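> Dropping the structure in here first, questions after.
The values are calculated or read from the model by the stated rules, or taken from the named source; none is laboratory data. Keep in mind that what you see is a predicted model, and the values were worked out from it rather than measured. When we count neighbours, we look across all protein chains shown, and the Cβ atoms used for this are built from the backbone with ideal geometry, even at glycine. Areas reflect the complete protein model, heavy atoms only, side chains present, ligands, DNA and RNA absent. Shrake-Rupley method; radii C 1.70, N 1.55, O 1.52, S 1.80 Å.
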Amino acid sequence: MTGRIEGHRAVVTGAAGGIGGAIVRRFMAEGARVAALDLFEPGEGDLRLACDLGSDDSVVQAAAAIATAGIEPTIVVHAAAIGSGGPTLAMESDFLAQMMNVNVGGAMRLARAFAPAMQARGAGAFVFVSSINSAFATPGLAAYAASKAALDSLAQTLALEFAPDGVRVNVVRPASIDTPLLRRGIDASPDPAEAIRRNIARHPLGRWGTAEEVASLALFLCSDEAGWITGADYLIDGGASIARR
């Protein structure tokens with residue numbers, strides 16, 4: 001039995017993180033060759049590259065290495081992001097610019113690097129990992145939320161521009177996913193146990209999501225099963241968006 005993306009070639013950013021790493025593992029298990037990118041060389045992937053998504057030169061160099069390795073992608077998943085926050089009025093302008101540069105500019109750089117070959121072939125799929133926060137006001141996360149809202153908008157524009165060439169662009173928007181990054185934020189709170197209780201209570205299904213569940217959604221959107229889906233925005237949030245409590 002073949003995998004759902006057997007024979008495909010994928011680029012996955014944020015591959016050293018919880019969600020990105022889960023996507024790398026799932027895509028490899030489903031038959032794809034994967035070029036895994038992160039700021040520091042990831043631990044998994046057929047090709048593992050250190051790449052700064054905020055740098056034109058770094059992305060161009062990574063794309064050249066990927067082409068040399070014969071993994072010119074049919075799939076690109078952008079899971080890399082800067083996710084820290086703080087009081088809005090205390091935020092430095094440079095911090096906002098850096099977050100936009102990586103979270104949104106990184107997606108644009110990936111599109112410039114890999115979309116033309118997909119368009120020439122008449123097929124391809126991009127998935128951008130956004131956040132439930134892109135559509136909700138969240139104190140302390142102004143820059144992060146703004147960058148994810150911009151990412152959602154970019155995805156829709158690219159989807160429209162690429163559609164005539166058969167290249168699809170979709171977004172997944174997770175709520176709280178049980179990753180090391182989330183755990184570190186919880187552990188830094190004054191009362192971690194209470195922080196966990198309050199956070200989980202925001203999700204009607206009564207638990208955090210898993211990185212593997214996000215990977216499953218990304219897999220579907222990148223597979224031929226989703227061949228007539230583009231410009232879509234998929235929540236994976238345990239019902240948090242319908243309750244928002």
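> Using Cα-Cα distances under 8 Å and only pairs 6 or more residues apart, what relative contact order does the stretch 2-120 have, in percent? If you can, show how the numbers build up before the last one.
Numbers: 203 pairs, mean separation 30.0, N = 119.
Answer for the stretch 2-120 is 25 percent.
> Per residue, what accessible area does the chain have, given a 1.4 Å probe and all protein chains present, in Å²?
Details: 11390 Å² over 245 residues.
I get 46 Å² per residue for this part.
> Each label point is 7 Å from the Cα along the Cα-to-Cβ direction; what then is the distance between the points at Ser241 and Ser84, in nm?
Rounded to a tenth, the inter-label distance reads 2.9 nm.
> Based on Cβ point charges of +1 for Lys and Arg and -1 for Asp and Glu, what charge dipole magnitude is obtained for the stretch 1-107 about its Cα centre, in debye rounded to the nearest 20? Provide the component values of the computation, followed by the final result.
Values: 6 positive and 12 negative charges, 93 e Å.
Approximately 440 debye in magnitude.
> Compute log10 of I(q)/I(0) for the stretch 38-147 with the Debye formula, placing one identical point scatterer on every Cα and leaving out solvent, at q = 0.16, 0.17, 0.24 Å⁻¹, to two decimals.
The Cα Debye sum returns log10 ratios of -0.78, -0.86, -1.34.
> Could you work out how much longer the chain between Glu194 and Ala50 gets when fully extended? Use 0.36 nm per residue separation minus the Cα distance between them, nm to one decimal. Please list the in-between numbers first.
Working: separation 144, 0.36 × 144 = 51.84 nm, distance 3.69 nm.
Length difference between fully extended and current span is 48.2 nm.
> If you roll a 1.4 Å probe over the chain with all protein chains in place, what percent of the accessible area is carbon or sulfur? Write down the numbers at each step before the final one.
On the way: 6440 of 11390 Å².
In the chain, the share of accessible area belonging to carbon and sulfur is 57 percent.
> With an 8 Å cut-off on Cα pairs and a minimum separation of 6 or more residues, tell me the relative contact order of the stretch 87-245 in percent. Before the final figure, lay out each step's value.
Working: 215 pairs, mean separation 41.9, N = 159.
Computed over the stretch 87-245, the figure is 26 percent.
> Another one. Quick one: longest stretch of the chain between exposed loop GluC sites (Glu not before Pro), exposed meaning at most 14 other C-beta atoms within 10 Å and loop per DSSP?
Details: sites that count: Glu6, Glu92.
By the stated rule (loop sites, at most 14 other Cβ atoms within 10 Å), 93-245.
> Once you list every other residue whose beta carbon is under 14 Å from the beta carbon of Ser130, what net charge do they have if Lys and Arg are +1 and Asp and Glu are -1?
Working: positive: Lys148, Arg173; negative: Asp152, Asp233, Asp237.
Once positives and negatives cancel, what remains is -1.
> Turning to a different aspect of this structure: Which of the chymotrypsin sites (Phe, Trp or Tyr not before Pro) found in the stretch 141-245 are in a DSSP loop and have at most 10 neighbouring Cβ atoms, other than their own, within 10 Å? Write down the numbers at each step before the final one.
Details: sites: Tyr144, Phe162, Trp208, Phe220, Trp228, Tyr234; in loops: Trp208, Trp228.
Sites meeting the loop and neighbour criteria: Trp228.
> Test of understanding: what is the full-extension gain from Ala65 to Leu181, defined as 0.36 nm times their sequence separation minus their Cα-Cα distance?
On the way: separation 116, 0.36 × 116 = 41.76 nm, distance 2.87 nm.
The Ala65-Leu181 span can extend by a further 38.9 nm.
> Rounded to whole Å, give me the distance from the Cα center of the stretch 185-224 to that of the stretch 64-85.
With the stretch 185-224 and the stretch 64-85 each reduced to a Cα centre, they are spaced 24 Å.
> Follow-up. Would you mind counting up the charge near Ala10? Only other residues with Cβ under 15 Å from its Cβ, with Lys and Arg at +1 and Asp and Glu at -1. Show your work: numbers first, answer last.
On the way: positive: Arg4, Arg9, Arg25, Arg26, Arg33, Arg48, Arg121, Arg168; negative: Glu6, Glu30, Asp38, Glu44, Asp46, Glu72, Asp224.
Counting the neighbours of Ala10, the net charge comes to +1.
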